[in-house]
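*Asks:* Please see the structure below; I have some questions.
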Amino acid sequence: MDKTTKSEIIESLAIECGISIRETWDIVGTILDTISDALGRGESIELRGFGTFKIKQYGSYTARNPRTQERVPVKPKKLPVFTVGKELKEAVNANHSK
């Protein structure tokens, strides 16, 4: 499976918009920092047509260490989750069928 890196996205964006790589790094960094900060405050982020980032809270539970089979308590935690938007889902499926 191929993957696109953050650097490749930045390079493509810089070319597409006709701005420097440095400016593009700053813009993308600001966007990602803003998303991270909002999630850190427990807020959700909706990018219409793309998707929604939000925090999901998981309660504590008891897990089992696969090596020792010992029961281990796991503390409650919060994890970011992404829900794909309708337009992105349709675009992925349209590209997949080609």
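The values are calculated or read from the model by the stated rules, or taken from the named source; none is laboratory data. No experiment lies behind these values; they were computed from the predicted model shown. As a convention, Cβ positions derive from the backbone with ideal geometry for all residues, glycine included, and neighbour counts pool all protein chains shown. Note: accessible area is taken over every heavy atom of the protein model, side chains too, but ligands, DNA and RNA are not part of it. Shrake-Rupley method; radii C 1.70, N 1.55, O 1.52, S 1.80 Å.
*Asks:* So which residues in the range 13-41 are touching a helix residue (DSSP H, G or I) at 6+ places or on another chain (Cβ under 7 Å) and either open to solvent by 90 Å² or more (accessible area, probe 1.4 Å) or assigned to a helix (DSSP H, G or I) (or both)? Please lay out each step first, then the result.
*Replies:* Of the residues in the range 13-41, the ones touching a helix residue (DSSP H, G or I) at 6+ places or on another chain (Cβ under 7 Å) are 13-14, 20-21, 24-25, 28.
Scanning the range 13-41 gives LEU13, ALA14, ILE21, THR24, TRP25, VAL28.
*Asks:* Just need a number here: residues in the range 42-59 that are over 30 Å from ALA91 (Cβ atoms) and exposed (fewer than 10 other Cβ atoms within 10 Å of the Cβ).
*Replies:* Here is the first cut: in the range 42-59, the residues over 30 Å from ALA91 (Cβ atoms) are 57-59.
Narrowing the set further to residues that are exposed (fewer than 10 other Cβ atoms within 10 Å of the Cβ) leaves 57, 59.
Count: 2.
*Asks:* ASN93 is checked against (1) farther than 25 Å from ILE10 by Cβ; (2) assigned to a strand (DSSP E or B) and fails just one. What number does that condition carry?
*Replies:* So ASN93 meets the others, but not (2).
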